[in-house]
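Single-structure report; data block below.
The values are calculated or read from the model by the stated rules, or taken from the named source; none is laboratory data. Keep in mind that this is a model prediction, so the values were computed, not measured. With ideal geometry, Cβ positions are generated from the backbone for all residues, glycine too; neighbour counts draw on all protein chains shown.
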Amino acid sequence: MVIAKSAVEGNYVKTGSKLFDVVGLDKVWVKLDVYETEVAMIQYGQNVTFTTAALPGHEFSGAVAFIDPIVDEKTRTVRVRLNVDNASGMLKPGMFTNGTLKANIDSHGQALGMDLTGKWVCPMHPEEVHEQQGVCSICGMKLESAESLGFVHHDNGSNPLLIPASAVLKTGQRAIVYVQKDDETFEGREIVLGHRAGDYYVVRSGLQEGERVVVRGNFKIDSAMQIAAKPSMMNPDAKMDDKKPMLHQH
Ligand SMILES: [Zn+2]
């Protein structure tokens, strides 16, 4: 499609002069801004669904083809580019889009994508994954090893520990949960959280699998602790970290 015309019939033009701007809109790029705190969950080749206010009710998708290695200092975001098929021609350059990415993450909060170990890929086209060295069938560029492009993340083999988000009492930098010790004893414990995942938080440290945490009424326990001048979320100075179980009076 001709989107700009710089010459008219009869013009004298030299070699290299621009006559027309011609674009193919059957494939488009979608540029998304991702907060730097979430960029670890994004990986080359991941599928992202997105919508645009210009076309309500339509959902589109594309694959992550580029993750900017530099954080924009003004917006604190990282630019991520998707390659998107646009055979229908519905998407037009310049439209605003809003994307949703669902990632599988390991216990370190790192995205687990497709395993590209030993594969050869085009740096521009995530759909091009080859077993052997060669060239991209779309753009003709030389394929690079996935390792050399930094696309291979070694799975550390552990699933993240999750707790319901409602179990967590957060104050600024700290996160507290109440852990059940026996029928009527709860221990306040400071834990280290990873990312939030829907109605859950990833726990980086401070809890073991199988421990029971309070998911309802934890604010009540916390305020009872405060009244009893015991360490609580709001008043941690009574040494939250001495790990001494405290009796909760009903
Ligand atoms: Zn290519």
Output for segment 218-229, where each listed residue is surrounded by 12 or more Cβ atoms within 10 Å (Cβ to Cβ) and without any contact (Cβ under 8 Å) to a residue 40 or more places away in the chain: 220, 223, 224, 225, 226, 228
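Condition check ((1) at pLDDT below 90; (2) not polar (S, T, N, Q)) across all residues:
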residue	(1), (2)
15	no, no
44	yes, yes
77	no, no
80	no, yes
83	no, no
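Let's see how each residue does on (1) modelled with pLDDT of 85 or more; (2) in a loop (DSSP other than H, G, I, E, B):
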position	(1), (2)
187	yes, no
196	no, no
208	yes, yes
215	yes, yes
224	no, no
233	no, yes
Residue match in segment 143-162 (condition: in a loop (DSSP other than H, G, I, E, B), over 19 Å from the mean Cα position of the chain (by Cα), surrounded by fewer than 19 Cβ atoms within 10 Å (Cβ to Cβ) and within 16 Å of the ligand (Cβ to nearest atom)): yes
Conditions (1) more than 15 Å from residue 152 (Cβ to Cβ); (2) under 20 Å from the mean Cα position of the chain (by Cα): number failed by residue 126: (1)
Check on residue 150, without any contact (Cβ under 8 Å) to a residue 12 or more places away in the chain and outside the structural domain of residue 34 (by TED's automatic domain parsing): yes
Lone qualifier among 172, 206, 198, 194 - being touching a strand residue (DSSP E or B) at 6+ places or on another chain (Cβ under 6 Å) and on the phi > 0 side of the Ramachandran plot: 206
